[in-house]
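One structure is given below, encoded as structure tokens.
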Amino acid sequence: MTRRYVGERVRRNEDHRLLTGHALFVDDVQLPGMLHAAFLRSDHAHALLRGVDVSAALERPGVVAVYTAEDLGDYWCPGPLLVPPPPVEGIVFHEATQVPLAKDKVRHVGEPVAMVVAENRYVAEDALADIVVDYEPLDAVVDLEAALAEGSALVHERFGTNMAARVVQRHGDYRRARDAADVVIARRFLYDRGAAAAMENRAVAAVWDPLGVDLTVWDTTQAPIPIRNGLARMLGLLESQVRVVAPFVGGGFGPKIMMFYPEELLVPWAAMRLGRPVKWTEDRQENFFATTQERGQVHEAEMALDRDGRILGIHDTFLHDCGAYDPYGLTIPINSQCTLLGPYDVPAYHSEFRAVFTNKTIVTPVRGAGRQHGVFVMERLLDIAARELGMDPVEIRRRNYLGAELFPKNFDILYQDFAPLYYDSGNYLPALETAVRMIGYDQLREEQLRLRAEGRRVGVGVVSYIEGTGIGPYEGARVTVDPSGRVRVATGLGTQGQGHYTAFAQIVAEALDVDVERVHVVTGDTREFGWGTGTFASRGAVVAGSACHAAAVKVREKILAMAARVLGAAEEQIDLADGRVAVRGVPERSLSLGELASHANPLRGAVKPGTEPGLEATAYFGPDHGSTASGVHAMVVEVDPETAMVEILRYVVVHDCGRLINPQLVEGQVQGGVAHGIGNAFYEKLVYDEQGQLQNASFMDYLLPTAMDVPRVEMAHMETPAPMNPLGLKGVGEAGAIPAGAAFAQAVEDALSDLGVEITEIPLSPDQLWQLIRAAPGAPLPHLQEARR
């Protein structure tokens, strides 16, 4: 009987190494003669760089080298544009990519100015204080709207403006829809900055072998193959001469895919120049300034509806903060622009955004990558429209869902992969009804009245979302049956805790009918597998998993063909089960897969024409379109209006990620995503002052939700198989984070509905919420009324 592993709760096979301390992280790399690097970073957000004096640092005992931009020679150049702008008609895009070390000007606090290499990190850190930098401070560009005003200081003078890009996308006729509307809802929405705050900060280690003419780099990256390719190009090496290893990575969340950070360029360069291994590990304060961030958008949005609550059209214009440089192109605002449409039927849509240069840390994708911004705007507009129409928030969503009969749905706007926005499949209403039933929505509505009479303010929020997943360009995998009988799987993308080692093993074990524990998976090592793109955009399981499946199917075909030749039977008479091949009905004529693998690698004789040695195959998968995941989040909260503290009483997620590989992995991803989303909603906000100085660059001041703040997520799975890949898979990595802010806002607003509180900004905080309560028109508490006076 064929083994079934896909869809089963297989225990994560990587956890033993992680829990017993046997997992390799970059900072664990220790090599003889290793030097350590530290970076002097600008403490100005915007300043001319008049000079850098490193003479005192070079005299410090233990310092081996100090480098500034002038020392890099031809190696100093702007980094690559990682994602070019989409081919949208009329687009404006100004390319400005980060440089290895600042020259002439610094553009954000934390931008690297000099690199010290010393015998240990302590000496390197101390030497930073010896460097004298002559800065001429300039006015900082911080506020998005002020940045575009006439007379603003310019982040990049050559453009004559702080506008980094302008994109307009539309379908239908919004003006006509607005004229026909019974109700038009218009609001201004703010979604501010946050940090990824991974457990493991970034780190890079490198060693150059001059005899083997070989460079090895260990990097906390989500994309080891593009890093290898870029380093080879810049260092004048063949790609085969550069090995990049992404070992276990303690959280990625997006910022670790960015190619290239200055440290990723300079540490290997220094190792080659000095002839000794070099390592750099980011400290937590550096992480707040030097690792990319996300969010920062201002939306002016309106929704036109008929009196029955059906959407006729949406108009949204927004500003997007891209920070000091824009190496990631327009990925985030395009995601916001497209994801705003959600699972709803929107006949007319007009969206325009302007990306803005500011003197803040660079913005790149962080879990959700702009999707939560679009979801927040859409779901808030629906909530406000429901209130205006006297309609239940759940009911207005029911009335506007795209019907299952409309799939596949092709929109007339471009998505981040430059292909038209395309929903391959979906079935939204059952997910909503499941979430409503699980959260006990109707009973809660009745219970609210009793609780309100007792002085308790309890609210419920129910929101929907779309998650574009599984985009290309492609990934590959190689599957090999070893003479030991074990199966080896190699793929090129990195892993940061998603469970790839387990999920890929399940896919291959089922295809080959072997014990999943006998499948060994290798990821993130360019020497093991050198083709692919990386782990991002909820694509690992969909794209690389499909490649693993395709390679395993090819190996299965080889197994059957080889077994037929060795056992002297027709292929259709060969059975493959439990790691053995046998002639059907003749069990004594059988071989283990290990024995068959030995036959496939003969020491004598010839390989017959049309055959290949070994039980091994490589395959690739590149989808024409991504796979559209979706779901519903429902949340119950209780708000204390005196302290503005919010307790989350229950959290329900109904997610459709197509066919499940491993429900346990999916639930873990969603639970982690919800924790991230709750942080984005109520705790985490990077606060900059008018001079571009970050005011809360430590975990003493930047609030992360703890285990006391994040509830256990109750979850149900919907399975609408994706037609775009053979296993029917969709992604799930960002689903927990995307709608959490919108659900939180709706639930808190519902709890305070008698006060008239309206939430149009995320992230909130107890202080901000208290200010909203104090300013609410219906604040009934005497001390709040006194505060208002």
Inside the stretch 393-439, the number of residues satisfying the requirement of being at pLDDT below 95 and among the hydrophobic types (A, V, I, L, M, F, W, C) is 9
Scanning the stretch 282-316 residue by residue, those assigned to a loop (DSSP other than H, G, I, E, B) and not charged (D, E, K, R) turn out to be Thr291, Thr292, Gly296, Gly309
> Quick check: is even one residue across the stretch 64-75 open to solvent by less than 20 Å² (accessible area, probe 1.4 Å) and in contact with a Lys or Arg (Cβ under 7 Å, 6 or more places away or on another chain)?
Replying inline: yes
The one condition Val674 fails out of (1) more than 30 Å from Glu557 (Cβ to Cβ); (2) in contact (Cβ under 8 Å) with a residue 24 or more places away in the chain; (3) part of a strand (DSSP E or B) is (3)
Reported set for the stretch 642-659 where residues are of a type outside the set (Ser, Thr, Tyr) and open to solvent by less than 10 Å² (accessible area, probe 1.4 Å) is Ala644, Val652, Val653, Val654, His655, Asp656, Cys657, Gly658
Looking across the stretch 1-51 at residues that are assigned to a helix (DSSP H, G or I) and either closer than 20 Å to Glu282 by Cα or modelled with pLDDT of 95 or more (or both), the single one that is least open to solvent (accessible area, probe 1.4 Å) is Val26
Among (1) farther than 30 Å from Gln443 by Cβ; (2) at pLDDT 95 or above; (3) aliphatic (A, V, I, L, M), Ala570 falls short only on (2)
When Gly455 is run through (1) part of a loop (DSSP other than H, G, I, E, B); (2) in contact (Cβ under 8 Å) with a residue 60 or more places away in the chain, the failure sits at (2)
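Conditions tested, residue by residue: (1) over 26 Å from the mean Cα position of the chain (by Cα); (2) buried (at least 21 other Cβ atoms within 10 Å of the Cβ); (3) under 30 Å from Pro268 (Cα atoms).
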residue	(1), (2), (3)
Asp173	yes, no, no
Ala180	yes, no, no
Val184	yes, no, no
Leu190	no, no, no
Leu211	yes, no, yes
Asp219	no, yes, yes
Pro224	no, yes, yes
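Quick grid of which residues meet (1) of a type in the set (Val, Ile, Thr); (2) open to solvent by 50 Å² or more (accessible area, probe 1.4 Å); (3) more than 23 Å from Pro78 (Cβ to Cβ):
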site	(1), (2), (3)
Leu101	no, no, no
Met115	no, no, no
Ala124	no, no, yes
Glu136	no, yes, no
Asp143	no, yes, yes
Of those in the stretch 241-287 that are of a type in the set (Lys, Arg) and at pLDDT 95 or above, the residue nearest to Arg228 (Cα to Cα) is Arg243
Expected single match for in a loop (DSSP other than H, G, I, E, B) and in contact with a Lys or Arg (Cβ under 7 Å, 6 or more places away or on another chain) among Gly485, Gly472 is Gly485
(1) out of contact with any strand residue (DSSP E or B) (no Cβ under 6 Å at 6 or more places or on another chain); (2) crowded, with 19+ Cβ neighbours inside 10 Å all hold for Ala563 apart from (1)
Just one listed residue, out of Arg371, Arg387, is over 26 Å from Gly622 (Cβ atoms) and either among the charged types (D, E, K, R) or crowded, with 21+ Cβ neighbours inside 10 Å (or both), and it is Arg387
Of Leu429, Leu421, the only residue that is touching a strand residue (DSSP E or B) at 6+ places or on another chain (Cβ under 8 Å) and open to solvent by 20 Å² or more (accessible area, probe 1.4 Å) is Leu429
Met635 passes all but one of the listed conditions (1) surrounded by fewer than 17 Cβ atoms within 10 Å (Cβ to Cβ); (2) in the same structural domain as Tyr683 (by TED's automatic domain parsing); (3) not acidic (Asp, Glu); the exception is number (1)
Scanning the stretch 615-670 for residues that are within 30 Å of His599 (Cα to Cα) and within 23 Å of the chain's Cα centre (by Cα) gives Tyr620, Phe621
Condition set on the phi > 0 side of the Ramachandran plot and open to solvent by less than 10 Å² (accessible area, probe 1.4 Å), scope the stretch 492-531, selection nearest to the chain's Cα centre (by Cα): answer is Gly499
Among Glu282, Glu264, the single one that is crowded, with 24+ Cβ neighbours inside 10 Å, in contact with a Lys or Arg (Cβ under 9 Å, 6 or more places away or on another chain) and either among the hydroxyl-bearing types (Ser, Thr, Tyr) or under 22 Å from Gly250 (Cβ atoms) (or both) is Glu264
*asked:* Can you find a residue that is in the same structural domain as Gly728 (by TED's automatic domain parsing), of a type in the set (Gly, Ala, Ser) and open to solvent by 60 Å² or more (accessible area, probe 1.4 Å) anywhere in the stretch 432-451?
replied: no
Scanning the stretch 145-165 for residues that are aliphatic (A, V, I, L, M) and open to solvent by 40 Å² or more (accessible area, probe 1.4 Å), the one farthest from Thr358 (Cα to Cα) turns out to be Ala149
Of Gly631, Gly679, Gly692, the only residue that is touching a His at 6+ places or on another chain (Cβ under 7 Å), touching a residue at least 60 places away in the same chain (Cβ under 8 Å) and over 30 Å from Leu402 (Cβ atoms) is Gly692
- Message: Against the definition (modelled with pLDDT under 95 and either of a type in the set (Phe, Trp, Tyr) or outside the structural domain of Val555 (by TED's automatic domain parsing) (or both)), how does Tyr465 come out, yes or no?
- Response: no
Only one of (1) at pLDDT 95 or above; (2) in a helix (DSSP H, G or I) does not apply to Gln691, and that is (2)
Taking the stretch 340-350 and keeping residues open to solvent by 10 Å² or more (accessible area, probe 1.4 Å) and either assigned to a strand (DSSP E or B) or closer than 13 Å to Glu467 by Cα (or both) leaves His350
Please verify whether Ile332 is in a helix (DSSP H, G or I) and either in contact with a strand residue (DSSP E or B) (Cβ under 7 Å, 6 or more places away or on another chain) or buried (at least 24 other Cβ atoms within 10 Å of the Cβ) (or both), treating the condition exactly as stated.
yes
Over the stretch 570-598, the set of residues assigned to a loop (DSSP other than H, G, I, E, B) and surrounded by fewer than 19 Cβ atoms within 10 Å (Cβ to Cβ) is Ala570, Asp578, Arg584, Gly585
Log entry, pairs with first residue in the stretch 20-43 being more than 13 Å from Val249 (Cα to Cα) and in contact (Cβ under 8 Å) with a residue 40 or more places away in the chain, second being open to solvent by 40 Å² or more (accessible area, probe 1.4 Å) and among the polar types (S, T, N, Q), beta carbons closer than 8 Å, six or more apart or on different chains, reads His36/Asn120
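The values are calculated or read from the model by the stated rules, or taken from the named source; none is laboratory data. Everything numeric here is computed off the predicted structure, so don't read it as measured data. Positions of Cβ are backbone-derived with ideal geometry, glycine not excepted, and every protein chain shown enters the neighbour counts. We work out accessible area using only protein heavy atoms, side chains counted, and drop any ligands, DNA or RNA first. Shrake-Rupley method; radii C 1.70, N 1.55, O 1.52, S 1.80 Å.
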